[in-house]
1. Residues of the range 15-39 being free of Cβ contacts under 8 Å to residues at least 40 places away in the same chain and assigned to a loop (DSSP other than H, G, I, E, B), which ones?
2. Answer yes or no: is there a residue in the range 87-100 that is among the acidic types (Asp, Glu) and more than 30 Å from Glu119 (Cβ to Cβ).
3. Looking at the range 7-14, is at least one residue crowded, with 16+ Cβ neighbours inside 10 Å and not in a strand (DSSP E or B)?
4. Conditions: (1) crowded, with 18+ Cβ neighbours inside 10 Å; (2) assigned by TED's automatic domain parsing to the domain that holds Ala154. Val68 meets all but one. Number of the miss?
5. Could you tell me whether the range 102-118 includes any residue that is of a type in the set (Gly, Ala, Ser), closer than 17 Å to Gly37 by Cβ, crowded, with 17+ Cβ neighbours inside 10 Å and in contact with a helix residue (DSSP H, G or I) (Cβ under 9 Å, 6 or more places away or on another chain)?
6. Kindly indicate the residue of the range 1-47 that is closer than 18 Å to Leu213 by Cβ and among the charged types (D, E, K, R) and also farthest from the chain's Cα centre (by Cα) among those meeting that condition.
7. Looking only at residues that are in a strand (DSSP E or B) and touching a helix residue (DSSP H, G or I) at 6+ places or on another chain (Cβ under 8 Å) in the range 167-199, which one is farthest from Asn133 (Cα to Cα)?
8. Kindly indicate which of Ile169, Ile165, Ile161 is surrounded by fewer than 21 Cβ atoms within 10 Å (Cβ to Cβ) and touching a Leu at 6+ places or on another chain (Cβ under 8 Å).
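The values are calculated or read from the model by the stated rules, or taken from the named source; none is laboratory data. Just so we're clear, the structure is a prediction, and the values are computed from it rather than from any experiment. So basically every Cβ, Gly included, is an ideal-geometry build from the backbone, and we count neighbours across all protein chains shown.
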Amino acid sequence: MKYQNITRALFLKRPNRFIAEVELNGVKEIVHVKNTGRCHELLIPGCEVWLTEPGTPGRKTRFDLVAVRKENGILFNIDSQAPNHVVKEWLEKQDYDKVIPEYTYGDSRIDFYMERSGERYLMEVKGCTLEINGTGYFPDAPTERGVKHLNELAKAAESGINAIIAFVIQMDGVSEVKPNTATDPEFSKAFEKAVSAGVKVLFLKCHVEPDRLEIIS
């Protein structure tokens, strides 16, 4: 996926999950943060960030914050809507006969349902923006929704559906994602249960530019 307009700024602070203060061309600007996760290790005062300007009428903020460069030099895309977007692009190139986004299964809405040669697939997508010593971790904040999705995938796998949890790694140089047990032990338990039930784990490595996120595996 590619952003149509991108602007560099400096991060100042994050008053709450939804907004941040940045310095843009020497002027302080309030921007929308397109990620409600903690991002404590990324959004550090003085770091480089990149903004898009959607131009949507009636918005309270002019810009969205979508990317940040970590102090170790790695560029991260932190747009929480980007993983589903790039996975849809990627799936359309994988020779499935059918790809349906936002598919209702059980009591959940799973990100994608696919069919190929009579086989059925369910895929839940999770974006990874937490990196520690070259390994990705998910989640960076407790997620009841994530636990629910894993439980649904486990049921699907047990019923004969090809169930997949796909981690979109929103940074370069990381090829594996592990459950963040310290932050969300319930997700970790649900993850192990899902894997034991036959849910496939897929790590989708990405290349990140300030104006682009692309799956490369």
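1. Listed by number, the residues that qualify are Pro15, Asn16, Arg17, Phe18, Asn25, Gly26.
2. no
3. Checking the range 7-14: at least one residue is crowded, with 16+ Cβ neighbours inside 10 Å and not in a strand (DSSP E or B).
4. (2)
5. Within the range 102-118, not a single residue is of a type in the set (Gly, Ala, Ser), closer than 17 Å to Gly37 by Cβ, crowded, with 17+ Cβ neighbours inside 10 Å and in contact with a helix residue (DSSP H, G or I) (Cβ under 9 Å, 6 or more places away or on another chain).
6. Arg8
7. Out of the qualifying residues, it is Val168.
8. Among Ile169, Ile165, Ile161, only Ile161 is surrounded by fewer than 21 Cβ atoms within 10 Å (Cβ to Cβ) and touching a Leu at 6+ places or on another chain (Cβ under 8 Å).
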